[in-house]
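Everything on this sheet refers to the single structure shown next.
Coordinate-derived values only; no laboratory data. This is a predicted model, so every value here is computed, not measured. Please note: Cβ atoms are built from the backbone with ideal geometry, for glycine as well, and neighbour counts cover all protein chains shown.
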Amino acid sequence: MNLKLDLPDDLFDAHFTESDFAARVRELAILELVRLKRLHEHEAKEMLALERFELVERMKAAGITPTEEVFAEIKSELGKAIDARRPRRPLARRPVNPRGA
């Protein structure tokens, strides 16, 4: 897919080039497709030629929670729910020694 944007030429200069802007728009579009669950994270990683940690950083910067963090949160919540359903055992009392030994 190719997109064409009609933008004024004077937006770009040596410090903000059209090609840099196009690359950034492409990256943001791919990240948005990840957010919308239209692309998998591994596909975005390949398309952007990034290492996993780089993709995670960019996802977080775009407000997208990486899968491993979602799973960690679910695991934590599940653990808390399981713990809440377990019957509580009374604490075992130790015999009190009146002599302090």
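Among the criteria (1) without any contact (Cβ under 8 Å) to a residue 24 or more places away in the chain; (2) under 24 Å from the mean Cα position of the chain (by Cα), the one LEU28 does not fulfil is (1). Of LEU50, LEU36, all but one fail to be closer than 30 Å to MET1 by Cβ, loosely packed, with under 10 Cβ neighbours inside 10 Å and of a type in the set (A, V, I, L, M); the exception is LEU36. Only a single criterion out of (1) touching a Leu at 6+ places or on another chain (Cβ under 7 Å); (2) surrounded by fewer than 17 Cβ atoms within 10 Å (Cβ to Cβ) is not satisfied by ARG58, namely (2). Restricted to helices (runs of 4 or more DSSP H) entirely inside region 2-82, no element has at least 2 residues that are of a type in the set (Phe, Trp, Tyr).
Looking only at residues in region 1-33 that are of a type in the set (Asp, Glu) and surrounded by 10 or more Cβ atoms within 10 Å (Cβ to Cβ), the one that is nearest to THR67 (Cα to Cα) is GLU32.
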